[in-house]
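Coordinate-derived values only; no laboratory data. Treat the numbers as computed from the prediction; the structure is a model and nothing was measured. Here the Cβ is made from the backbone with ideal geometry for all residues, glycine too, and neighbour counts use every protein chain on show.
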């Protein structure tokens, strides 16, 4: 898998499922500014990951796509 061709997918997976060592490697390779730019365009980040990226990059939450647009489909099963 080419990093240049699939950078958004790789960044999303490292942010959501990676370890701190993975994040540090990503930060050294891209820098916080580029990570924030990529994360702003992602549609699906969980709330913990979203707040982590927003806090560490000093970016307001309303600049993230996954914060401003919610899923239009809700659960069809009532619990």
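A few notes on this one:
- With Cα atoms, 0 to 90° folded angle of helix 7-17 axis to the chain main axis: 70 degrees
- Two-decimal ratio, the chain, of alpha-carbon radius of gyration to 2.2 N^0.38 Å: 1.18
- With Cα atoms, 0 to 90° folded angle of helix 20-30 axis to the chain main axis: 70 degrees
- At R0 = 30 Å, FRET efficiency that the Cβ-Cβ distance of residue 24 and residue 61 yields, to 0.05: 0.80
- Global geometry of the range 1-43, whether rounded, prolate or oblate, following the gyration tensor of its Cα atoms and the 1.5 cut on a/c: rounded
- In degrees, nearest ten, helix 47-57 long axis to first principal axis of the chain (Cα): 40 degrees
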